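The values are calculated or read from the model by the stated rules, or taken from the named source; none is laboratory data. Keep in mind the model is a prediction, meaning the values are calculated, not measured. For neighbour counting, all protein chains shown are included, and Cβ atoms are generated from backbone atoms with ideal geometry for every residue, glycine included. These area figures cover heavy atoms from the full protein model, side chains too; ligands, DNA and RNA do not enter into them. Shrake-Rupley method; radii C 1.70, N 1.55, O 1.52, S 1.80 Å.
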Amino acid sequence: MSDAIWSRAGAHAESFDRLFTVLTGFSVLILLLVAGLIVGFSIRFRSGSKVTRHKVSRLIHREIEIGWIAATAIVALFFFWWTTSANLQQAAAPAGAMEIHIEAKQWMWKASHPDGTREISTLHVPAGQPVRLYLNSQDVIHSFFVPAFRLKQDVVPGRTATMWFRADRAGTYPLLCAEYCGTGHSRMLGEIVVMEPADFAAWLDSRPQGGGMIAAGRMLFTSVGCSGCHAPGSTVHAPDLDGLYGRQVPLADGRVVTADAAYIQDSILLPRRDIVAGYAPIMPDFADLLDEDEVAALVAYIRSLKGDAS
C-alpha cells in the first residue's frame, strides 16, 4: 500500500513546505487585518453613530500611502528572493546523480535505467542518492507529479525536460499525471519505490537488462549516418560530439549557447537554425526520418559521450 500521498519524503519537500506555510500564514494575517479593519470601521462609523468624523490632512494621508506601498514592496521583494533562491537551488542536480529516462505515453510512464533495465508506471530508486530524470512525451502534454517529493514537471512533445530529486525515506509513493491528457488521464497512475541502497542493488541485479536508450542511440548513430560525419577519423568537417553535453558552443551568428538536451534535439531536427562557428551548414534535416523515441535515444547517447566514447 502506498504511503500517504502528501507525506514528506524528498529533499525539496521540507523547504517547499516551509515556504508554503509562511506564505499561507502571511496571507491569512493580511486577510484578518483587512477584514478586521473593514468590520471595525463599519461598526464604529456606521450611520447614526456619534463618533467624531474629520478629514485626514493631505500630508498624513500621503505618508500612510507611501508607507503602505513601501512595506508591501519590501515584503514582495523578500518573498521573491526567497522563492527564487529555493528554485535555483533545485535547478541543477548534484554531480554524480543517477540518470533515468522517462517516456510519457497515453496512459503510462516508461522508465529506462542506465543499465537498460526498464519499468512501466513504476520507478525504483535508492534512498539518499540524487536522481536526475530526463522526460519526453510520445504523444500529448503530460505532467510528472510526485506529491510526496513536492515535484511537478510538465512533459511536452518534442522537448526534453529535466528534473532531479533525492528521496530521503524508503517507501512507496504515488506518481500522478497532473495534466489532462485524454480520456484515460485518471488512470495514468504509477508509483516511486524508494529502497535502501543494498536492497536496490539486489533488485537491479535480479532484473533482466535490456539495451536501454543509450544503446539504442548508439545503434541509431551508426544506422542513420551520424557516424559518417561525427565519428573520430571522419573525413567530413563536422563538430566533435565527445564531451559536447554541457559545453559552451559558439555559433556562426556570434551567439554562445549551452549544449543542453534541448540544443542537441534542435540540432538534430533543425540543423540549420544554430550553425556552429567554423562549420558549413551541410547537416541534413532528420525531422521526417526519426520519431520521438529515436530522437530521445540519440540525445541520450550524445549526452553520454564523455570524451572517450566512440
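Points worth noting:
- Gyration tensor verdict on the chain (Cα atoms; rounded if a/c is under 1.5, prolate if a/b is larger than b/c, oblate otherwise): prolate
- Here each label is just a point 7 Å from Cα along the line to Cβ, and for residue 83 and residue 24 those points are 1.6 nm apart.
- Rolling a 1.4 Å probe over the protein heavy atoms gives region 165-293 an accessible area of 55 Å² per residue.
- Per-residue ellipticity at 222 nm from helix content only, as computed over the chain with -39500 (n - 2.57) for each DSSP H run of at least four residues, stands at -12000 deg cm²/dmol.
- Ranked packing of 269-279, 22-32, most packed first, by mean Cβ within 10 Å: 269-279, 22-32
- Put simply, the amide H of residue 151, placed in the peptide plane, has neighbours under 5 Å in 146, leaving out anything fewer than 5 places away on its chain.
- Less than 5 angstrom separates the built amide H of residue 305 from those of 243, all sequence-distant by 5 or more or on a different chain.
- Computed on protein heavy atoms with a 1.4 Å probe, the accessible areas place 108, 98 in the order 108, 98, largest first.
- Net charge dipole size for the chain [Lys, Arg +1 and Asp, Glu -1 on Cβ; Debye, nearest 20]: 2080 debye
- Counting only residues at least eight positions apart within a chain, or on another chain, the aspartates and glutamates with an alpha carbon under 19 Å from that of residue 105 are 119, 139, 154, 179, 191, 291, 292, 293, 294.
- Hz values of 3J(HN,Hα) by residue in region 151-168 - Karplus curve (6.51, -1.76, 1.60), Gly and Pro given as x: 10, 8, 9, 5, 10, 9, x, x, 9, 9, 9, 10, 7, 9, 8, 9, 7, 9
- Extension gain for the segment residue 38 to residue 15, taken as residue separation times 0.36 nm less the Cα-Cα distance, is 4.8 nm to one decimal.
- The chain - percent of accessible surface contributed by carbon and sulfur, probe 1.4 Å: 62 percent
- Backbone HN-Hα couplings from phi across region 287-295 [Karplus 6.51/-1.76/1.60, Hz, Gly and Pro as x]: 4, 9, 9, 10, 8, 4, 4, 5, 5
- Overall form of region 125-167 per C-alpha gyration tensor (a/c, 1.5; a/b vs b/c): prolate
- Surface accessible to a 1.4 Å probe, per residue, for the residues of region 5-124, Å²: 70 Å²
- Shape of region 17-86, Cα gyration tensor, a/c cut at 1.5: oblate
- In degrees, nearest ten, helix 197-206 long axis to first principal axis of the chain (Cα): 40 degrees
- Whole-percent P(r), region 242-310, all Cα pairs, 10 Å bins from 0: 20, 51, 28, 0.
- Residue 306 - accessible surface, heavy atoms, 1.4 Å probe, Å² rounded to 10: 140 Å²
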